[in-house]
Amino acid sequence: MTVHDGGRRMPADEEDGMSGPGRLVQNTRQQADACRRLGSPLYGGLLEQIADDIALGGVCAEVLAGREHSRIREAVPLRLMGAVHGLVLTGRAPELAGFFPSAGGTAPEHPEAAWPALRKAVAGHRQWIRHWLDRPPQTNEPGRASMLIAGILHALGDEPRPVRLLELGASAGLNLRADRFRCTSAGFAWGPAGSPVQLDGAWRGPVPRWLARAAARHPSFPVAERRGCDPDPVDPLSAQGALALRAYVWPDQAGRGARLEGALRIAAAVPAVVERRGAADFLSAVRLEPGTLTVVWHSVMRQYVPEEEWRRVEAELDRLGGAADTAAGFAHIAFEPRRAQRLRGFLLSVRRDGGETEYLAEAAPHGLPAWTPVPVR
């Protein structure tokens, strides 16, 4: 359950002061800023044009009618861009495809040059877009698997136990195959050399010593179970599911697109199960198993879970941590935007067997690169 908004959640009082088109315009401009900061100048520029069009009551305002009061967590601007990208990827918007590198085009130096083609695509495919808007953005970001791999290597300690990998908000479950990805950085490599998913440049600067030591102890680890949950899972083996995943990768980010294609290839060969289920209900059925390390993992999904449900999730995590012993291990691994212990940013945290939470790394929102976190003074 991964929405690419840079992880910033607007405070309730900030949203409550807006209503109608004004809220939607502001949300769209915020998304434009997030896209620029996260390396997509094409989407940054186009979303600014869309915000202007909504403010003027243009074709984007018409197709988004009824969603003026949507809260930012509903990610309406990203739903619209996913619908438009889907049009491009299925050949329905050939003029716009000329500006989308994901479809063989060239991103313009000034993104507003693509606006007339985008407006035409929206005007000509209103029903397609409205249908697409009904489902939440569903992406899987294989780049974040570098944090999962690091967390598992740390959690294994000195024991090479099989891992039961469970993911909350798993979307299509691509990162449930993280052990089949290749993670590399200067002087560091872990994972199958010929993997279709190459997580290059995983670390900024030297790889931390704890990770280098853990990788040397565990050049691989067996995965006994791959299972996750999501309120609206995506089937990566279906044409429609694969299209949704591709459509939510920003078209001017070739590296992310290549990682997704590699992860789809691995998904076709390595089975995993993603249940249509909420996180708390999913965890309530989990029990530890002797001889294994049970890992519960999630990335950039916490902010989309209601507070009441998250309290239930935390209670279940505490239950599992309390049940851990030398025979049956447990680790809660998360990559989430947060402030904690004078740290802030997108942080990799690991809590083993119900002990204290360790903050091991900070990383870019899409997972690459990572670095050792620096306490806020």
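For the range 135-186, enumerate the residues that are under 22 Å from Glu314 (Cα atoms) and open to solvent by 20 Å² or more (accessible area, probe 1.4 Å).
Listed by number, the list holds a single entry, His154.
Which condition does Leu80 not pass, out of (1) under 15 Å from Trp132 (Cβ atoms); (2) outside any helix (DSSP H, G or I), if it passes all the others?
Failing condition for Leu80: (2).
Can you name every residue in the range 152-166 that is among the aliphatic types (A, V, I, L, M) and either part of a helix (DSSP H, G or I) or modelled with pLDDT under 95 (or both)? Spell out the reasoning first.
Filtering the range 152-166 down to residues among the aliphatic types (A, V, I, L, M) leaves 152-153, 155-156, 163, 165-166.
Hits for the range 152-166 are Ile152, Leu153, Ala155, Leu156.
Working carefully through the options Ala189, Ala103, find the one that is out of contact with any Phe, Trp or Tyr (no Cβ under 8 Å at 6 or more places or on another chain), open to solvent by 10 Å² or more (accessible area, probe 1.4 Å) and free of Cβ contacts under 8 Å to residues at least 12 places away in the same chain. I'd like the intermediate steps shown before the answer.
Details: Ala103 fails: free of Cβ contacts under 8 Å to residues at least 12 places away in the same chain.
Residue meeting the stated conditions: Ala189.
Looking only at the range 306-326, count how many residues are open to solvent by 80 Å² or more (accessible area, probe 1.4 Å) and in contact with a Ser or Thr (Cβ under 7 Å, 6 or more places away or on another chain).
0
Restricting to the range 58-99, and then to whatever is under 18 Å from Pro116 (Cβ atoms) and free of Cβ contacts under 8 Å to residues at least 24 places away in the same chain, can you tell me which residue is most open to solvent (accessible area, probe 1.4 Å)?
In this case the residue turns out to be Pro94.
For (1) in contact (Cβ under 8 Å) with a residue 24 or more places away in the chain; (2) under 20 Å from the mean Cα position of the chain (by Cα); (3) under 20 Å from Glu167 (Cβ atoms), each residue gets a yes or a no:
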position	(1), (2), (3)
Ser185	yes, no, no
Leu199	yes, yes, yes
Val207	no, no, no
Leu237	yes, yes, yes
Gln240	no, yes, no
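Looking only at the range 49-88, count every residue that is under 20 Å from Ala107 (Cα atoms) and under 23 Å from the mean Cα position of the chain (by Cα) and tell me the total.
Residues flagged as under 20 Å from Ala107 (Cα atoms) and under 23 Å from the mean Cα position of the chain (by Cα) within the range 49-88 amount to 11.
Restricting to the range 107-128, and then to whatever is in contact with a Lys or Arg (Cβ under 9 Å, 6 or more places away or on another chain) and in a helix (DSSP H, G or I), can you tell me which residue is surrounded by the most Cβ atoms within 10 Å (Cβ to Cβ)? Working first, answer last.
Taking the range 107-128 and keeping what is in contact with a Lys or Arg (Cβ under 9 Å, 6 or more places away or on another chain), we get 121, 124-125, 128.
Restricting the remaining residues to those that are in a helix (DSSP H, G or I) gives 121, 124, 128.
Numbers: Ala121: 23, Gly124: 13, Trp128: 19.
Top of the filtered list is Ala121.
The values are calculated or read from the model by the stated rules, or taken from the named source; none is laboratory data. Fair warning: this is a prediction, and the values are worked out from it, not measured in the lab. Note that we place each Cβ from the backbone using ideal geometry, even for glycine, and neighbour counts take in every protein chain shown. Each accessible area value is taken on the protein alone, full model and side chains, heavy atoms only, with ligands, DNA and RNA left out. Shrake-Rupley method; radii C 1.70, N 1.55, O 1.52, S 1.80 Å.
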